[in-house]
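Engineer: Okay, handing you the structure first.
The values are calculated or read from the model by the stated rules, or taken from the named source; none is laboratory data. Quick caveat: nothing in here was measured; it's all calculated off a predicted structure. Glycine gets a Cβ as well: all are built from the backbone with ideal geometry, and neighbour counts include every protein chain shown. Only protein heavy atoms, including side chains, enter the accessible area calculation; ligands, DNA and RNA are left aside. Shrake-Rupley method; radii C 1.70, N 1.55, O 1.52, S 1.80 Å.
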Amino acid sequence: MAKLEILEFPDPRLREPGKTIEQVDDKLRALIDDMFETMYAADGCGLAATQVNIQKRLFIMDFSSDQEEPLVFINPEITPLTEEPSEFGEGCLSVPGFYENLNRPNRIKVKALNRDGEEFEAEFEGLPAVCIQHENDHLDGRLFVDYLSKFKRDRIRKKLEKNQRLAAGR
């Protein structure tokens, strides 16, 4: 397994949508394993392939405290099950150090393929539902900062660009 580089906002590659996955094979399963290693090392609970510069419709999640409940979503389709949104604090491995409250449907249904290419459907609510919607946004080239005001988004972008320059020694 290999730890992958997580792209950070405002990297334009984060805006590239993921492409439908046509075949689930050992190469894709190796990518999934690498993504889990990367997500766990970054102390995250979700990671989309587009965040590691792989333009595929794939994301992973794990909400367990012992990294024993990995979930894989290949070519996910999401259906909201509630109309009224709930407010949750969201953060993102591609927008490190920033958290904002966003409104999203509290209950959803997901249809996707698992790591073996088998189709499944499941319902989620609360934080897992929010995380799924957040990760699915990545597959469409959207970030949680897109839901914020232009002022907040620009402030976050400037702080991250400054941090990236400092880290690069420029």
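Engineer: Kindly list, by first and then second residue, each pair from a residue in the stretch 21-32 that is more than 17 Å from LEU139 (Cα to Cα) to a residue that is of a type in the set (Asp, Glu), limited to pairs with Cβ atoms under 9 Å and residues at least 6 apart or on different chains.
Structural biologist: VAL24/ASP116; VAL24/GLU118; ARG29/ASP116
Engineer: So which residues in the stretch 43-56 are closer than 16 Å to HIS138 by Cα and either surrounded by fewer than 19 Cβ atoms within 10 Å (Cβ to Cβ) or of a type outside the set (Ser, Thr, Tyr) (or both)?
Structural biologist: Across the stretch 43-56, the qualifying residues are GLY44, CYS45, GLY46, LEU47, ALA48, ALA49, GLN51, VAL52, ASN53, ILE54, GLN55, LYS56.
Engineer: Sort out for me the strands (runs of 3 or more DSSP E) sitting completely within the stretch 43-104 that have 3 or more residues that are touching a Lys or Arg at 6+ places or on another chain (Cβ under 8 Å) and among the hydrophobic types (A, V, I, L, M, F, W, C).
Structural biologist: By residue number, 71-80.
Engineer: Can you find, within the stretch 140-170, the residue that is farthest from the chain's Cα centre (by Cα) among those that are of a type in the set (Lys, Arg) and open to solvent by 90 Å² or more (accessible area, probe 1.4 Å)?
Structural biologist: Going through the qualifying residues, I end up with ARG170.
Engineer: Looking only at residues that are of a type in the set (Phe, Trp, Tyr) and assigned to a helix (DSSP H, G or I) in the stretch 2-42, which one is surrounded by the fewest Cβ atoms within 10 Å (Cβ to Cβ)?
Structural biologist: If we take residues in the stretch 2-42 being of a type in the set (Phe, Trp, Tyr) and assigned to a helix (DSSP H, G or I), then TYR40 is surrounded by the fewest Cβ atoms within 10 Å (Cβ to Cβ).
Engineer: Given (1) under 30 Å from ASP25 (Cβ atoms); (2) open to solvent by 40 Å² or more (accessible area, probe 1.4 Å); (3) not β-branched (Val, Ile, Thr), where does SER94 come up short, assuming only one miss?
Structural biologist: (2)
Engineer: From GLU77, GLU37, grab the single residue that is over 15 Å from ILE132 (Cα atoms), modelled with pLDDT of 95 or more and among the acidic types (Asp, Glu).
Structural biologist: GLU37
Engineer: Pairs, please: C-beta under 6 Å, at least 6 apart or cross-chain, first residue assigned to a strand (DSSP E or B) and in the stretch 117-133, second open to solvent by 50 Å² or more (accessible area, probe 1.4 Å)?
Structural biologist: If the second residue must be open to solvent by 50 Å² or more (accessible area, probe 1.4 Å), the pairs left are GLU121/LYS111; GLU123/LYS109; GLU125/ARG107.
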